[in-house]
Amino acid sequence: MAQPSFQGQVGDADIKLLRVFKTVVECGGFTAAEAELGLARSTISTHIANLETRLGLRLCERGRGGFALTEEGRLVFQEVVRLMTALDSFRAQVSTAQRRLVGEFNLAIIDGILTLPEIPISETLSRFRAKAPDVHITISVLSTDEMERRLLDGTVHLAFCAMHRPKSGLAYSHVAKEVQSVYCGRLHPLYSKPDELIRLEDLTRPDYVGRTFQDTLRTREKPFRTGPAASANNLEAILILLQTGRYLGLMPDQCAAPWVAAGEIRALRPDLTRLEQDFALVTRDTKRPAPVVEAFQKTYREEVSKQNAAQMA
């Protein structure tokens, strides 16, 4: 590997290479980063090789064994995240002086957000786009744990996530509530059993699927008291496991409704299994939020007020 050649100077070309590296790491490899970057894998590989030459460091292992960061690569990634956060902050401050919004806005959302009418996400994004046409928006569907982690490290600016135990350093604002029930697929033995014949023990003995292992362990989804037999990170994955006839699982009632109507799944003893889940708009707890974050929050509040007024009219 060549000797380091940065000499403390970072140019536009270097920033481009660092952004490519950051995206590859966040995507977990070259192949997954192709669609995100809009580049061929060979081009991405060349960019990473050029960056390694510029730094004089081996950043990652790639090949038949898969993609993995070296110790040096992990250190560089941490510093790249800090650098990009600082650049976004610089752009935000400059845009304030220019009275226009520019830069990046990274938004994280819960799976199934479109079924929650209290969160008018599409309408808010449309209004926000009209206000800030120069802002590049990135949307990610993440677990609550991942959202909170990325909010704290600055790689996500704002999130709509499930409320559990508030985490220090974050600010939470309640935005919605959904009702969840335990469901089974039509191939499950309990599917044809009338509710009046289903006892609590019938619901605690079978295997069930949890919505991410971490969230399941944290909430101990009632009526269950043990760890899940399977875990899934989105509603479609839970539905697939329910349709095997081997599991029970919690589903939001509004998301389950079409599949209930089609006879694919059914709720079991809602009187015993009903669970109310609160959702929040979450940001870093700071006295001076980035202008782009402040603008999105204001836009969201405007859209919610508009919809509430329309409902009352």
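A few points about this structure:
- Kirkwood analysis of the chain, using all unique Cα-Cα pairs, places the hydrodynamic radius at 22.3 Å.
- Segment 12-80: C-alpha gyration tensor shape, a/c 1.5 cut-off, then a/b vs b/c: rounded
- C-alpha long axis of helix 12-27 to longest principal axis of the chain, angle in °: 20
- Hits among lysines - C-alpha to C-alpha of K306 under 22 Å, sequence gap 8 or more where chains match: K131, K177, K298
- Partner aspartates and glutamates whose Cα lies under 16 Å from the Cα of K167, excluding those fewer than 8 positions away in the same chain, are identified as D145, E146, E148, D153, D215, D278, D285.
- The chymotrypsin sites (Phe, Trp or Tyr not before Pro) of segment 151-199 include none that meets both conditions, a loop assignment by DSSP and at most 10 other Cβ atoms within 10 Å of the site Cβ.
- For L170, distant residues with modelled amide H under 5 Å away: D285
- Distant alpha-carbon pairs in segment 81-144 (separation over 15 angstrom), percent: 61
- Hz values of 3J(HN,Hα) by residue in segment 266-278 - Karplus curve (6.51, -1.76, 1.60), Gly and Pro given as x: 8, 7, 10, 6, x, 5, 9, 9, 4, 9, 9, 10, 8
None of the figures in this text is laboratory data; all of them are computed from the coordinates on show. Only a predicted model underlies this, so the values are computations on that prediction, with no experimental measurement involved. For neighbour counting, all protein chains shown are included, and Cβ atoms are generated from backbone atoms with ideal geometry for every residue, glycine included.
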